[in-house]
1. State, to one decimal in nm, how far the label point of residue 293 lies from the label point of residue 265, with both points 7 Å from Cα in the Cβ direction.
2. Arrange the following residues from fewest to most other Cβ atoms within 10 Å of their Cβ: 65, 25, 242.
3. Could you state the angle between the C-alpha long axis of helix 178-196 and the longest principal axis of the C-alpha atoms of the chain, as a value from 0 to 90 degrees rounded to the nearest 10?
4. Using a/c under 1.5 as the rounded threshold, could you call region 196-326 rounded, prolate or oblate? The axes a ≥ b ≥ c are square roots of the C-alpha gyration tensor eigenvalues, and prolate needs a/b larger than b/c, oblate otherwise.
5. Using alpha carbon centroids, what distance separates region 99-163 and region 299-326, in Å?
6. Taking only C-alpha pairs under 8 Å that are 6+ residues apart, what is the relative contact order of the chain in percent?
7. Could you state the angle between the C-alpha long axis of helix 54-64 and the longest principal axis of the C-alpha atoms of the chain, as a value from 0 to 90 degrees rounded to the nearest 10?
8. Highest first, please rank the peptides 290-298, 202-210 by the mean number of other Cβ atoms sitting within 10 Å of their residues.
């Protein structure tokens, strides 16, 4: 059973990325003809997953989750702490490595932006079931807010522009973003159904058994559609620093905070296990967005994404062993 969970996680991640990349290569070389452009296909997959598949899964998982301890109200703050810590540590690493501003800005994005929604959510479901998956949207409540209110302006600063024009426009735009509105609405609806005492239909468990991996698979395909393999070998030093931050420093800090808040004694340590998994995820693909729009070192960001995602081959077995051990 344990081996099956590990193999399933690898299979979904590799298959999604490989399929997306294969379609990209074949379409670019004219070997296949798509009904829509690659960018439109990528956005369609993302919107389908985030506006339909994931919300249905979130409602179902939240409907049956049991939250007995008020300490879990701090879970979103732990998630925010992990994101901020990654960015701060990346800035420190950039100073130690004596990186120029454009590389520093890219390294900051890689340290801060983390793959919580697709790979993180999938691993939580496969390793911890629906109760673990239900805590993911709670953990990541402040994710988008931190990226757009702080992450993007900091990245812009290192591009050479010292202005913060548009910062608050981005923050205000969050409340109108349909992706965020739907996600939050699904969380609230699931919570309301949970509090109502209504019994969840038995078929919903089967639906989520399909929808949770499907949502992750669709997002991974969309990532594969935009993959670019560039000068990875030229940035091994920076990638190693980001890997140390992502897989060692941030999990240690986040789990220490979660343990201090008593998460280890709630539901058999379930919230602590969720924090361990989500704080140990690789660089998110959206870490490549600020470097691309602010003229930072995109090759550095791409290399850090590739290396940390590849290292999941080592990280996922360790995480599975860890969550099975406590």
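Please treat every number below as a calculation from the coordinates, not as lab data. Everything quoted here is computed from the prediction, not taken from an experiment. Note: ideal-geometry Cβ built from the backbone for every residue, glycine included; neighbour counts use all protein chains shown.
1. Label at residue 293, label at residue 265, 4.5 nm between them.
2. On the way: 65 20, 25 13, 242 29.
By the 10 Å Cβ count, ascending: 25, 65, 242.
3. Compared with the principal axis, the helix lies near 20 degrees.
4. On the way: a/c = 2.40, a/b = 1.44, b/c = 1.66.
Oblate shape, in that a/c is at least 1.5 and b/c is the bigger or equal ratio.
5. Comparing the Cα centres of region 99-163 and region 299-326, I get a distance of 15 Å.
6. Contact order relative to length: 33 percent.
7. Computed tilt is about 30 degrees.
8. Values: 290-298: 19.8, 202-210: 13.4.
Result, highest mean first: 290-298, 202-210.
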